[in-house]
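Novice: Below you will find the structure I want to go over with you.
The values are calculated or read from the model by the stated rules, or taken from the named source; none is laboratory data. Remember, predicted model here, so these are calculated numbers, not experimental data. Neighbour counts are summed over all protein chains in view; Cβ atoms, including those assigned to glycine, are modelled from backbone coordinates with ideal geometry.
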Amino acid sequence: MAEKDNKPPANAVVCRTGADCDDLDLKLSKSWLRIAVAGVFAGQGMVFSLALNMTPPNYGSTAYWLLHGLLIFSSLVVMGFLGGPLFASTWGMLRSRRLSIEGLFTLSLVGAFIGSLAGSLTGKGSVYYEIVSIVIAIYTFGRMLSLRSQAKLRAESSQLRERFDRAVLLDTESGPRELPVAEVKKGQVVRVNPGEPFTLDGRVRSGVGFVRETSLTGEPLPVVRRVGDPVRAGTFSEDGSFEVEVRAVAGERELDRILDTVESFFGRPSELQQQANRLVQYFLPIVVTVSLLTAVFWSFAGTWMDAVFNSMAVLLVACPCALGLATPVAIWNGLYRMARMGLVSRDGALIDGLAHARSIYFDKTGTLSESDMQIGEVLLVSEWESRRAELLAAVVAVESRVNHPVARALARLLPEDGKTTPTIKELRLIPGAGVEAEVELAGSKALIRIGEAGDRAEAHDKLDRKLLMQGGKRIYVTVDGLAVAVLVLAEQARKGLPSMWSQLEALGIQSVVLTGDPDPHLEIPDSVPVRAGLTSADKAEIIRRAVDSGEMPCLVGDGINDAAAMSIASSSISMGSGTGLTQSAAMGQLQDDRLECLPDAIRLARGIHTRLRGNLIYAAAYNILGMSLAVVGWLHPVAAALIMLVSSAFVTLRALRA
């Protein structure tokens, strides 16, 4: 993909801080207000136009100039309130010597207004000022919807930057000091307390504990970080206190690279927009040339009024209103039907992307698997088999008091015989290892420890041999220092995956799994490639290559580490439970995380795209025929306007049947 295609337009909104985003929200609110005010004047203009056509007053009379004056005033108000962005884009198009759909809208608008103005001043022919309102309203409404989506994504990006924008610097003369990360230098040491985020990339200088890295790496469970281990901004300390030597300052963090990639695609035109602009590259010069030649021809073959009316008719009939009105209607109808399936979106580019997709890339953790883990296996040494229910009740009692992903999975493990919950005393978290507590078992006190590491006694080794062929995360339970049980945590696949895999294959779509988890254990068909241990940059590069090869890839994910790749993908879908940045970067969100609706959404998108392609052919034929009739003087501007409206209604009804 050429770099120039990814650059935002010159008038794209910019939002780098929370204050900027608040200001942008205010500007968007004012823009919607301007649309509402302009809509009132446009409606009044249509009423005046109806009155003028039903009982036209005599030329030169007071009623004549009053009605025509009101129509001119209404059109100027609408252009004044809404025309700024369109005219600015057209001026930018001319200065950069590139053609775009804005130029075609502007030509049609100018043609409608000048032709009507000529009719008002001379009293010859009819006027059609209402077409000005229709053309500019279609353009403005689509633009505002696009800007609203961009504003939401910018706000999420800004909030994420601000969330990881402070650090506690050590080794200062006045003691620990909190300051912006931009003021921290490489080699300095920062402190991170339990429950707090890491805001800079670095290495642990002291401390040990669990670190939750799911959103950046895809690792489903917190990992232990000790002295010498790397840590990254955007992750969280679960239970340990760390001193971190900074290795990457603000602007160089992996989190910054992810956000920079996302922000570099702000305002990127969709594939549909790019196709329209490519078409305009050829169509717009033809329209301008034909209109000028028509004016020249009729200035000699007829009167100057014939030259004005016929050349303006050419511009009017060339207006892309048929597609400009019908295409959004078809897309919004499709988005409504997708929402009923469970895939919610406000971006019509999602329909185009899904219709063309040849491959779908899935994140694993939180996308193909449930957010929480499940107990896959529970094994006890033979001496404790008779006391299984009692031991499991103690495990549940201890873990239910701890707020930790592993603890939540263990707390759902129910005692088998419904015994009462054991008494817990002196519960203590052990950073990076687990939890221990004094528990009453069989009428006597026992010290239970639950965590990843245990006593390397004979019982421990026996449990390891039993699980030799098992995957998943192992949690050991020790009683008074001896390992008596091991629990294997496994990811739980979402419902409907087998059906989804088979349907996507039947649709000719290749599924691929991309995960940051270095050792995935989720059950995935052999026909679906799995690429493990990937960073955010790795995912983005894989998607970039897929785009360059013409795969039109769709990416489905939920974490921050998916956001950069989503910005590059031809289409993207976030899980409903995904992070705010991911949901904003994606074109659509899966409500209730129902992946099984994807095949139906693809079928719907393909049907809509086929219908829209037919509309494009029809609109092109209509424009060519209409322009030919206008050139020879057989198509009056009023008739051109009526044909344009009938054409728009036809393709709209056809699009609704998609």
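Novice: Against the condition at pLDDT below 75, closer than 30 Å to PRO57 by Cβ and either touching a strand residue (DSSP E or B) at 6+ places or on another chain (Cβ under 6 Å) or of a type in the set (Val, Ile, Thr) (or both), how does ILE114 come out, does it pass?
Specialist: It is false that ILE114 is at pLDDT below 75, closer than 30 Å to PRO57 by Cβ and either touching a strand residue (DSSP E or B) at 6+ places or on another chain (Cβ under 6 Å) or of a type in the set (Val, Ile, Thr) (or both).
Novice: Using the structure shown, decide if VAL231 is closer than 30 Å to SER264 by Cα, of a type outside the set (S, T, N, Q) and in the same structural domain as GLU243 (by TED's automatic domain parsing).
Specialist: Spelling it out, VAL231 is indeed closer than 30 Å to SER264 by Cα, of a type outside the set (S, T, N, Q) and in the same structural domain as GLU243 (by TED's automatic domain parsing).
Novice: Restricting to the range 42-73, name every residue that is at pLDDT 85 or above and either in a helix (DSSP H, G or I) or closer than 13 Å to TYR128 by Cα (or both).
Specialist: Within the range 42-73, THR62, ALA63, TYR64, TRP65, LEU66, LEU67, HIS68, GLY69, LEU70, LEU71, ILE72, PHE73 meet the criteria.
Novice: On to the next question. I'd like to verify a number: residues in the range 341-377 that are of a type outside the set (Val, Ile, Thr) and more than 30 Å from LEU410 (Cβ to Cβ), how many?
Specialist: Number of matching residues: 18.
Novice: Across the range 233-262, what is the number of residues that are surrounded by fewer than 22 Cβ atoms within 10 Å (Cβ to Cβ), in contact with a Lys or Arg (Cβ under 9 Å, 6 or more places away or on another chain) and among the basic types (Lys, Arg)?
Specialist: Residues in the range 233-262 being surrounded by fewer than 22 Cβ atoms within 10 Å (Cβ to Cβ), in contact with a Lys or Arg (Cβ under 9 Å, 6 or more places away or on another chain) and among the basic types (Lys, Arg): 1 in total.
Novice: Quick one: how many residues across the range 178-210 are surrounded by 15 or more Cβ atoms within 10 Å (Cβ to Cβ), at pLDDT below 90 and under 31 Å from the mean Cα position of the chain (by Cα)?
Specialist: 1
Novice: Could you check how many residues of the range 530-560 are closer than 14 Å to ASP363 by Cβ and surrounded by fewer than 24 Cβ atoms within 10 Å (Cβ to Cβ)?
Specialist: Qualifying residue count for the region: 8.
Novice: Please state which one of LEU99, LEU104, LEU94 is in contact (Cβ under 8 Å) with a residue 60 or more places away in the chain and either assigned to a loop (DSSP other than H, G, I, E, B) or surrounded by fewer than 14 Cβ atoms within 10 Å (Cβ to Cβ) (or both).
Specialist: Exactly one residue qualifies, and that residue is LEU99.
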